[in-house]
Each structure stands twice: as structure tokens, then as C-alpha cells.
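Enquirer: Just dropping this structure here.
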Amino acid sequence: IRDRYEDDAAKLLLEARREKKNNKYKKALALYEKILKDYEYSTSAQKAGHELEETKAERNEYIETRFRELMEEAGSCERPDRWEEAVKSYEEALKLKPDDKQAREKLTHARKMASLFENMVLIPAGEFTMGSDNDEADEMPAHKVNLPDYYISKYLSLIHISEPTRPL
């Protein structure tokens with residue numbers, strides 16, 4: 001019976017180490033805690049106790065590092081054509097640190113911007129001829145104009161301005 005007890009504990013310890021190696025810290029921690037609870041008198045429990053604390057520290061470091069990476073990634077996506085990517089990165093960051101105020105604020109902003117640019121298209125920078133030498137005087141002279149990149153709505157927007165109504 002003792003050998004089976006030790007073998008079962010050793011198998012769980014190996015599984016916990018495998019999970020830890022694959023950055024599945026939550027599973028690894030649960031396995032270490034199971035060993036400590038269910039196999040407290042095994043030789044594996046002594047090792048699990050030490051590795052549990054070590055894994056907690058590694059998990060915290062992993063969370064901090066991955067959180068920073070995701071925040072930087074999201075920040076680099078804060079431009080009109082990549083707001084949806086920024087939203088995804090901020091959401092992933094918040095899964096790691098749900099109470100982070102800055103990440104939550106940036107996610108809210110990124111969602112607003114993604115929504116704003118959802119129906120916009122990029123007009124690339126370029127040169128065009130503005131005006132005319134043949135038509136109305138206020139269109140003369142024809143001249144070259146360079147415009148930077150800009151965004152414009154995909155859809156026609158009509159704004160009707162009516163004359164104010166006069167009381168009868």
C-alpha cells in the first residue's frame with residue numbers, strides 16, 4: 001500500500017512539473033496542492049511544498065511579463081487600421097490582471113476608436129490637380145495639391161440644414 005501511495009504522489013508530482021514547464025501554472029499549482037493535501041506523508045509532498053512556492057513566484061513573474069508584452073503590443077496597434085487588434089490585446093491583458101485600471105481605460109478607448117474607424121477607409125497620400133483654368137474664376141488657376149493619408153466614411157452622409165421656422 002505504501003508503494004502505491006508513493007507512486008501515485010510521484011505521478012502527480014511529474015504531472016505538476018510538466019504543467020509548470022508548459023506555463024500552465026494554475027494547473028500545476030492545483031496539482032501541488034493536491035499532493036500536499038492527499039499525500040502529505042509522501043516524499044513527493046516535501047518536494048511539492050518547495051516547488052509550490054517556487055511555482056507561485058514564477059507564475060507572478062510570468063503574469064507581469066506577459067501583461068507588459070500585451071500592453072506594449074496593444075499600444076503599437078493604436079492606429080486607425082489596427083484598433084481591433086489593440087482591443088484583443090487589451091482584453092488578453094485584462095485576463096491576466098482583471099483589476100488593472102489603466103488597461104481597462106485603454107480597452108474602453110480602443111473599443112470606441114475601433115467602432116469609430118469601423119466604417120472608414122484609408123485614402124492614401126497623393127497629389128491631385130485642384131481648380132480649373134477653363135471654368136469659373138473662383139476655380140482658377142489649376143494647381144497641384146498634395147494631401148497626406150486621411151480617412152473618410154465608406155457611406156454617404158447627408159446633412160439637411162433647414163431654414164429656421166418663423167412663428168405664425
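Enquirer: Provide the per residue accessible area, probe 1.4 Å, for the chain, rounded to a whole number of square angstrom.
Expert: Averaged over the residues of the chain, the accessible area is 76 Å².
Enquirer: Turning to a different aspect of this structure: Expressed as a whole number of Å, what is the distance separating the alpha-carbon centroids of the stretch 17-71 and the stretch 108-142?
Expert: Spelled out, the Cα-based centre of one part sits 56 Å from the other.
Enquirer: Right, another one. Given +1 on the Cβ of Lys and Arg, -1 on the Cβ of Asp and Glu, and no further charges, what dipole in debye does the stretch 1-158 carry about its Cα centre, rounded to the nearest 20?
Expert: The dipole of the stretch 1-158 has a size of about 1240 debye.
Enquirer: Looking only at Cα atoms, what is the convex hull volume of the stretch 59-108 per residue, in Å³?
Expert: 58
Enquirer: Now for a different question. Among the aspartates and glutamates, which fall within straight-line cross-link reach of K24, defined as a Cα-Cα distance under 12 Å, with same-chain neighbours fewer than 8 residues apart omitted?
Expert: Those aspartates and glutamates meeting the cut-off are E15, E58.
Enquirer: Accessible area of the chain with a 1.4 Å probe: how many percent of it is carbon plus sulfur?
Expert: About 52 percent, which is the carbon plus sulfur part of the accessible surface.
Enquirer: Hey, if you put +1 on the Cβ of every Lys and Arg and -1 on every Asp and Glu Cβ in the chain, which of M130, L14, N60 ends up farthest toward the positive end of that dipole?
Expert: Farthest towards the positive end: L14.
Enquirer: Quick check on the stretch 79-168: what are the equivalent-ellipsoid semi-axes from the Cα gyration tensor, as sqrt(5λ), descending, whole Å?
Expert: Computed over the stretch 79-168, the values are 42, 24, 10 Å.
Enquirer: Another question, then. Mind listing the Cα extents of the chain along all three principal axes, in Å, largest one first?
Expert: 103, 51, 22
Enquirer: Please give the helix 25-38 orientation as an angle from the longest Cα principal axis of the chain, in degrees from 0 to 90, rounded to the nearest 10.
Expert: Value to nearest ten degrees: 20.
Enquirer: Taking the Cα atoms only, what angle lies between the long axis of helix 2-21 and the longest principal axis of the chain, rounded to 10 degrees?
Expert: Roughly 20 degrees between the two axes.
Enquirer: Mind checking which lysines have their Cα closer than 30 Å to the Cα of K112? Skip sequence neighbours fewer than 8 apart in that chain.
Expert: List returned: K88, K95, K97, K101, K154.
Enquirer: Could you tell me the relative contact order of the chain? Use alpha-carbon pairs under 8 Å, at least six residues apart, and round to a whole percent.
Expert: This gives 12 percent for the chain.
Enquirer: As a test of the definition: which semi-axes, in Å, follow for the stretch 3-98 when you take the square root of five times each eigenvalue of its alpha carbon gyration tensor? Largest first, please.
Expert: 39, 11, 9
Enquirer: Mind checking which of S44, A93, C77 is farthest towards the positive end of the stretch 39-98's charge dipole, using Cβ charges of +1 (Lys, Arg) and -1 (Asp, Glu) about the Cα centre?
Expert: Of S44, A93, C77, it is S44.
The values are calculated or read from the model by the stated rules, or taken from the named source; none is laboratory data. Worth saying up front: this structure is predicted, and the values here are computed from it rather than measured. FYI the Cβ positions are ideal-geometry reconstructions off the backbone, even for glycines, and counts take in every protein chain you see. We work out accessible area using only protein heavy atoms, side chains counted, and drop any ligands, DNA or RNA first. Shrake-Rupley method; radii C 1.70, N 1.55, O 1.52, S 1.80 Å.
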